[in-house]
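Worksheet: the structure to be examined is printed underneath.
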Amino acid sequence: MFSAARTVFARRAFATNAVAVEGFTGAVGNTPLIYLKHLSEKTGSSIFGKAEFQNPGGSVKDRAALGVVRDAEDQGLLKAGGTVVEGTAGNTGIGLAHVCRARGYKCVIFMPNSQSQEKIDLLRMLGAEVHAVPAVAYENPANYNHLARDHAKRLSNAIWTNQFDNTANAYAHYISTGPEIWEQTRGDLDAFICATGTGGTLAGVGKYLREKSQGKTQVWLADPPGSVLTSYITSGGKLTERSGSSITEGIGQGRITDNLATFVKELSGAFTVPDEKSIKMVYELLDTEGLYLGASSALNVVAAVELAVKLGKGSKVVTVLCDGAYRYQSRLFSKKWLESKGLEGAIPEHLKKYAVL
Ligand code: PMP
């Protein structure tokens with residue numbers, strides 16, 4: 001039907017999975033590892049991004065969502081027709097809303113109202129009950145996480161999945177993301193680096209890679225402004241007050257979550273990436289690599305490039321491409337919004353054409 005040349009092209013151009021998978025949950029994971037060609041050539045190192053935006057719910061958090069639901073089912077905590085309640089910046093909620101639809105559970109989400117409208121809209125379209133609440137500190141009883149916990153207590157046949165301190169989250173990455181990266185790099189990688197929200201990705205992937213490489217692969221943390229983790233790690237364990245903020249969503253922390261606590265001692269180091277660099281990288285990734293990614297992915301890539309430079313030419317560094325820009329485009333590609341954040345100057349002239357909203 002097709003010419004031989006065309007068939008060869010198709011085989012080279014498209015990855016195929018050998019077998020069909022079952023439903024939404026079967027499609028979570030097994031994401032490609034992308035060699036970031038332009039950035040690698042620029043630095044003389046090999047920089048790879050794990051394409052977590054290709055999960056069926058569109059983000060790295062599909063793995064955690066599936067992990068915490070499966071764990072609750074296995075423990076008999078979540079029964080047929082039950083309700084899953086969670087506090088989330090959005091992506092875990094989106095993953096949970098998909099998993100709940102696929103498995104017949106109700107889904108109730110509490111999130112800070114500082115998050116993008118796209119995520120709130122998507123959650124509602126996926127059938128979740130969404131409570132967008134004022135963004136207040138964790139210490140405040142009105143914090144979205146505590147509200148989720150209290151709400152679950154009031155319902156019957158309901159669980160609070162507690163992604164921050166439920167280590168089923170990190171475990172999901174330990175048994176899937178970590179092994180996939182190890183296989184995709186054939187164990188030949190110098191370092192893994194990413195930012196954390198719950199710490200599930202960093203701790204789960206990090207633990208697996210440290211074990212498999214017998215301590216050879218370094219694991220680093222990247223942080224947005226307003227997070228306390230970099231200073232905690234570089235000061236040897238001093239926790240400071242949270243101050244400042246970032247345009248990135250879903251990352252940065254004011255405390256050591258249980259997920260992160262399992263791994264924090266294994267980290268080789270940490271550094272903070274300013275918003276100017278992250279937003280510039282959102283545009284650069286689009287322009288040079290053809291990748292349309294959110295600001296946390298961009299921050300991760302900036303950090304991976306800086307780490308590769310630090311480790312020297314020829315080094316191999318892996319990071320995470322957490323989600324697509326689709327869920328932030330009314331912000332990241334709006335001239336007005338960039339101006340309101342004082343970030344229009346961070347976009348080089350030749351990339352300004354992408355800010356079309
Ligand atoms: N990037 C984005 C866009 C996220 O929503 C999250 C999770 N909130 C992360 C990164 C961090 O993932 P983790 O919770 O595994 O640390």
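Partner lysines whose Cα lies under 20 Å from the Cα of residue 265, excluding those fewer than 8 positions away in the same chain, are identified as 207, 212, 216, 238.
Would you work out the charge dipole size for segment 160-253 about its Cα centre, treating the Cβ of every Lys and Arg as +1 and the Cβ of every Asp and Glu as -1, and quote it to the nearest 20 debye?
Around 220 debye, computed over segment 160-253.
Note on segment 17-118: Lys pairs 8 or more places apart or on different chains, Cα atoms under 26 Å apart, count 7. The slack between residue 175 and residue 30, meaning 0.36 nm per residue of separation minus the straight C-alpha distance, is 51.0 nm.
Computed packing ranks the peptides 253-263, 202-212, 346-356, 55-65 as 55-65, 202-212, 253-263, 346-356, most packed first, by mean other Cβ atoms within 10 Å. What residues have an amide H closer than 5 Å to that of residue 45, excluding those fewer than 5 places away on the same chain, when H is modeled at 1.01 Å from N in the peptide plane? Placed amide hydrogens put 314 under 5 Å from residue 45.
For the chain, a simple Cβ point-charge model (Lys and Arg +1, Asp and Glu -1, everything else neutral) yields a dipole of about 400 debye relative to the Cα centre.
Residues whose amide H falls under 5 Å from that of residue 83, counting only those 5 or more places apart or on a different chain, are 106, 158, 159, with hydrogens built in the peptide plane.
Classification of segment 158-250 by its C-alpha gyration tensor yields an oblate form. The axis ratio a/c (a ≥ b ≥ c) is 1.5 or more, and b/c is at least a/b.
Per-residue Karplus couplings for segment 47-61, computed as 6.51 cos²θ - 1.76 cosθ + 1.60 with θ equal to phi - 60°, are listed in order as 10, 10, x, 7, 7, 5, 5, 8, 4, x, x, x, 8, 4, 7 Hz, Gly and Pro entered as x.
Taking amide H as placed 1.01 Å from N in the peptide plane, the amide H of residue 324 sits under 5 Å from that of 294, each at least 5 places away or on another chain. Restricting attention to segment 299-357, lysine pairs at least eight places apart or on different chains and with alpha-carbon atoms under 15 angstrom apart total 4. Dipole orientation for segment 208-357: of the candidates 299, 271, 248, 271 has the Cα lying most toward the positive pole (charges on Cβ; Lys, Arg +1; Asp, Glu -1).
For the chain, the cysteines with no partner cysteine C-beta closer than 4.7 Å are 194, 322.
Whole-Hz Karplus values for segment 266-283 come out as 7, 6, 7, x, 8, 8, 9, 10, x, 4, 4, 6, 5, 5, 4, 5, 4, 6 Hz, taken residue by residue from phi with 6.51 cos²θ - 1.76 cosθ + 1.60 and θ = phi - 60°; glycine and proline positions read x. Note on residue 239 and residue 114: with the Förster distance fixed at 22 Å, the Cβ-Cβ geometry gives a FRET efficiency of about 0.45.
Computed from the coordinates by the stated procedures, all read-outs in this text should not be read as laboratory data. All figures in this text were calculated on a predicted structure; none of them were measured in a lab. Virtual Cβ from ideal backbone geometry, glycine too; neighbours counted across all protein chains shown.
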